[in-house]
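The values are calculated or read from the model by the stated rules, or taken from the named source; none is laboratory data. Everything numeric in this text was worked out from a predicted model, so none of it was measured. For neighbour counting, all protein chains shown are included, and Cβ atoms are generated from backbone atoms with ideal geometry for every residue, glycine included. Please note that ligands, DNA and RNA were not included when accessible areas were found on the heavy atoms of the full protein model with its side chains. Shrake-Rupley method; radii C 1.70, N 1.55, O 1.52, S 1.80 Å.
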Amino acid sequence: MRTALACLLLFSLLNVAAAQQPILKQGDRLAIIGDSITEQKQYSKFMETYLLACHPELDIKCFQFGWGGERAPGFASRMENDLIPWHPDVITTCYGMNDGSYRAYDDNIGKAYEKGMRDIIDRMKKEGVTVVVGSPGVVDSFTWARDRADFDQVYNANLKQLGEIAKSLAEENNFSHADVFGEMHDSMVAAKGKLGEEYPVAGNDGVHPSANGHLIMAYAFLKALGVSGDIGTITINIGGDPEASAGHKIVEADKEGTVEIESTRYPFCFTGNDKDPNGTVSILPFTPFNEDLNRFTLKVNNLSAPEAEVTFGDQTKTFTKEQLSTGINLAAEFLDNPFSQPFDNVMNQVARKQAFETSMIKSLVTNFRQFQGLSKEDPEIQSAMDVLRDKMFAVDDKAYAKAKDAVVPVRYTIKVQPKN
């Protein structure tokens, strides 16, 4: 018995360790796959913008394959035509919301979901593709099914069970699991406890989140992908020379605590206010996004005073000597900062690119399946479809280049003024 338990513990620890290792390699192609929540192009936009702007050294190319109303078996039936020709290295999946059939869980629901997910995973393994197996999200405890008391609890129990199946499949195949349900549920409970039950985390219809819920989803997937949350470290040594980590360059500095910097690696930037679900600021107190994924650290050494004012962009805040010597997170402390507009420019380019991808797949590429029989009989038909597909991929490549080029160097000043 002890031997069996030890083996089980070791297996679990190995899976945890595997999930924490970086999955993305430089130059990888990442496909973001799911139902209408993915087709909203919000969490996928956050993920792609994060990878482009916050970790440009990875040079990751993304493509979103969201399709409204889809279930796991539905994607399994179209992945050969829609996904495989794009040659992904890594995919993320987010199914279950529709697979649950909007009723209480039963074994038939679980079996159908598991088969669809297993078909996707097995096919990807044959292609040598790494799968980040995501769970479904949540339905909102206030805005969903308001005419049926407590039915949100019934359906969330269903979605949680599907998430457990996704986790089991990930462990079975030694893949990473993105616990979208767990992250969203915990954040929803915490946010509603502070902001009120009517604050929606899963959107006004209870299913499709606004920006706040999508930030949690992006967090769950980026965390499961094992990306580093270290955006950079700026060290100001009072009386000495400043230092900057990779992606940041000291342009000019004095000995008193003012430094001009040029950065090619951005912190993730946020929108909205502390109560607006349509922005991302309001959910920040209820998700560890900044702590885990968005660490842009300022350290100040040799400060003579017990406190100092730090000016970053147009904002000034006071910190203690101890806080500054340990390091403060500029991304969390200064939400409006010199990167805000450049970051928004990148995200706008990503939004345009992903909008084209939805149109490309749903209006054109997926329809090639109707000609599979003809293309086998007539190679010229297959050749014509291949040419058209390649042309569309080339258009998407140009959109990717525009988004990548939008990550321009940002020059700014940080000033540390001791308070005596």
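Are there DSSP H segments in the chain that both extend 18 Å or more along their axis (alpha-carbon positions) and score a mean Kyte-Doolittle hydropathy of at least 0.5? List them, or say none. Span-like helices, by this rule, are 2-20, 211-224.
Starting from the Kirkwood Rh over alpha-carbon pairs, what translational D in µm² s⁻¹ does the stretch 122-177 have by Stokes-Einstein at 37 °C and 0.692 mPa s? Don't skip to the answer; put the middle values down first.
Values: Rh = 12.8 Å.
D, rounded to a whole number, is 256 µm²/s.
Here the gap between residue 315 and residue 393, fully extended at 0.36 nm per residue and compared with their Cα-Cα distance, gives a gain of 23.8 nm.
Before anything else, pin down the relative contact order of the stretch 165-213: Cα pairs under 8 Å, at least 6 apart, normalised by residue count, whole percent. Value for the stretch 165-213: 20 percent. Taking a point 7 Å out from the Cα of residue 241 in the direction of its Cβ, the residues of the stretch 288-309 whose backbone N falls within less than 17 Å of it are 301. The length gained on full extension between residue 228 and residue 369, counted as 0.36 nm times the residue separation minus their Cα-Cα distance, comes to 46.8 nm.
Which net charge results for the neighbourhood of residue 311, defined as the other residues with beta-carbon distances under 9 angstrom from its beta-carbon, given Lys and Arg at +1 and Asp and Glu at -1?
Values: positive: 317, 415; negative: 309, 314.
Value of the local net charge: 0.
Close amide-amide hydrogen proximity is noted between residue 253 and 260, each under 5 Å apart and 5 or more residues distant or on a separate chain (H modeled in the peptide plane; Pro and chain starts excluded). For the pair the stretch 352-420 and the stretch 161-229, the centres of their Cα atoms are 26 angstrom apart.
Heavy-atom accessible area with a 1.4 Å probe sorts 146, 29, 265, largest first, into 146, 29, 265. Pairs spanning more than 22 Å between alpha-carbon atoms, out of 255/415; 126/167; 61/249; 376/398; 61/223: 61/249; 376/398. Entry for the stretch 281-420 at q = 0.09, 0.13 Å⁻¹: log10 I(q)/I(0) = -0.51, -0.75, Debye formula applied to identical alpha-carbon scatterers, no solvent contribution. Segment residue 401..residue 249, full-extension length gain: 52.3 nm, with 0.36 nm per residue of separation and the alpha-carbon distance subtracted.
Hey, any idea what % of the chain's accessible area is carbon plus sulfur with a 1.4 Å probe? Solvent-exposed carbon and sulfur of the chain make up 50 percent of the total. What is the local net charge at residue 206, summed over the other residues whose Cβ is closer than 14 Å to its Cβ (Lys, Arg +1; Asp, Glu -1)? Once all neighbours under 14 Å are counted, the net charge is -4. Where both bridge residues fall in the chain, DSSP classifies roughly 55% of the beta bridges as antiparallel.
Relative contact order for the stretch 75-233 using alpha-carbon pairs under 8 Å, separation at least 6, rounded to a whole percent?
Details: 225 pairs, mean separation 39.0, N = 159.
Worked out over the stretch 75-233, it gives 25 percent.
Normalised by the number of residues in the chain, the mean separation of alpha-carbon contacts (under 8 Å, six or more apart) gives a relative contact order of 17 percent.
Semi-axes, largest first, in whole Å: what does sqrt of 5 times each Cα gyration tensor eigenvalue give for the stretch 159-202? Walk me through the numbers on the way to the answer.
Working: eigenvalues 158, 15, 7 Å².
Result for the stretch 159-202: semi-axes of 28, 9, 6 Å.
Short to long, the 10 Å bins of the Cα pair-distance histogram for the chain hold 4, 20, 28, 24, 15, 7, 2, 0, 0 percent of all pairs. Against the globular-protein guess of 2.2 N^0.38 Å, express the Cα radius of gyration of the stretch 167-316 as a ratio, rounded to two decimals. Ratio of Cα Rg to 2.2 N^0.38 Å: 1.31. Counted by Cβ distance under 10 Å from residue 95, the other residues give a net charge of -2, where Lys and Arg count +1 and Asp and Glu count -1.
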